[in-house]
Amino acid sequence: MTAGRGARDEPHAPTGEQPGGRGEPRDRRGERPGERPGGRDELYERLKAYEGRVAATAGVGKDLVNESMIRHWCEAMGDTHPAYSGPGAVAPPTMLQAWTMGGLSGHTDRNGAYDDMLGLLDGAGYTSVVATDCEQEYLRPLRPGDRITFDAVIEAVSGRKTTKLGTGYFVTTRMDIRAQGEPAGRHRFRILKYRPATVKGAKGSKPPALRPRPVVNRDNAGFWEGVAARRLLIQRCTACDLPRFPWLPGCNACGSSEWDTVEASGEGTVFSHVVMHHPPFPAFSENGEGGPYAVALIELAEGVRMVSNVVGVPCDKVRVGMPVRLEFLRTDPDLVLPVFRGSEG
């Protein structure tokens, strides 16, 4: 099984360099490190030397594959597939990376090459980072009790690219994962290390913060049309009557591709939540100061769950089980989003 195979090609972005901002590192000739007239990218040449270097060797997952983590994952994802519970259960394939993650304490078996490469980018002014995509290949099911080990390598570094976020380099790492010593899967993870784009405008002016635009495609266009009309529409399978969210082309329970919609009543409760403190993002906070703000998984009365913001109460007052009510928030002239208003009472 393979997920996200289309992501294997090198990321593409419009070419061309954005002008640098104040405070960026420059040499005595006033040029940014690694960038010389004539198009030669000395920094890229140095980065290419890291391709093929080991990022981790014989890493060991901090936990055996276990039923508790599988259950929590399935509950959070709303995945009720019978293969993931009971005798003979296996882990959802998309949990592949979860068994290798180091948590807040990190891993002690990571090689220094990856950190050295990131330090080289930081020193050249490419200090921001965003994860862009991942790709997984599944070679065998993971079962409770499996011990996970892995090796990681820096697989590819792209040439300098310019995106809407800014100019930088895409870095791809590949992790080969084993279970009980047998090949179990492969995980590719790609990030963009970039220098934020300079905002054009009058000196001292600051454009209003905007929320990211939703990705609208043929599978979810009906949902966003409903939101624009201030209606929260839930898909319902017409074969087995199971509601589902987010919108999908087929039913996870019976496989039918036939569906209709029901309008949510707007009643719900907080199923789980986090409070975002960093990085600050003014568009997501009610006071425009960048946080903190609450992000919650809301369980709707219709039985499905969705991620949204909780508004109307201080973020430190949001609690699991708190009743919430649907509202529609116009975040800017071009975007309306569903949010949920909580009540401290």
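The values are calculated or read from the model by the stated rules, or taken from the named source; none is laboratory data. Predicted model only: the values in this text are computed from it and were never measured. Quick reminder, even Gly has a Cβ in these numbers, built from the backbone with ideal geometry, and neighbours come from all protein chains shown. Ligands, DNA and RNA are excluded from the accessible area calculation, which covers all protein heavy atoms including side chains. Shrake-Rupley method; radii C 1.70, N 1.55, O 1.52, S 1.80 Å.
Among the residues here, Val324 qualifies as in contact with a Lys or Arg (Cβ under 7 Å, 6 or more places away or on another chain) and either at positive phi or of a type in the set (A, V, I, L, M, F, W, C) (or both). Only residues that are open to solvent by less than 60 Å² (accessible area, probe 1.4 Å) and on the phi > 0 side of the Ramachandran plot were counted across segment 66-102, and they come to 2.
Restricted to segment 52-65, and to residues there that are open to solvent by 60 Å² or more (accessible area, probe 1.4 Å) and assigned to a loop (DSSP other than H, G, I, E, B), the residue that is nearest to Ser158 (Cα to Cα) is Arg53.
Does Gly112 satisfy the criteria of being over 30 Å from Leu210 (Cβ atoms) and without any contact (Cβ under 8 Å) to a residue 12 or more places away in the chain?
So Gly112 passes the test.
For segment 289-299, which positions are outside any loop (DSSP other than H, G, I, E, B) and open to solvent by 50 Å² or more (accessible area, probe 1.4 Å)? The answer is Glu299, and nothing else.
Exactly one residue among Val270, Val262 is surrounded by fewer than 17 Cβ atoms within 10 Å (Cβ to Cβ), on the phi < 0 side of the Ramachandran plot and modelled with pLDDT of 95 or more, and that residue is Val262. Looking only at residues in segment 328-345 that are more than 17 Å from His273 (Cα to Cα) and assigned to a loop (DSSP other than H, G, I, E, B), the one that is most open to solvent (accessible area, probe 1.4 Å) is Asp334.
Of everything in segment 105-146 that is buried (at least 18 other Cβ atoms within 10 Å of the Cβ) and among the acidic types (Asp, Glu), the residue that is farthest from Lys48 (Cα to Cα) is Asp146. May I ask you to list the residues in segment 157-171 that are touching a helix residue (DSSP H, G or I) at 6+ places or on another chain (Cβ under 9 Å) and either open to solvent by 20 Å² or more (accessible area, probe 1.4 Å) or among the polar types (S, T, N, Q) (or both)? Selection gives Ser158, Gly159, Arg160. The set of residues in segment 300-327 being open to solvent by less than 50 Å² (accessible area, probe 1.4 Å), in a strand (DSSP E or B) and hydrophobic (A, V, I, L, M, F, W, C) consists of Leu300, Met306, Val310, Val311, Val324, Leu326.
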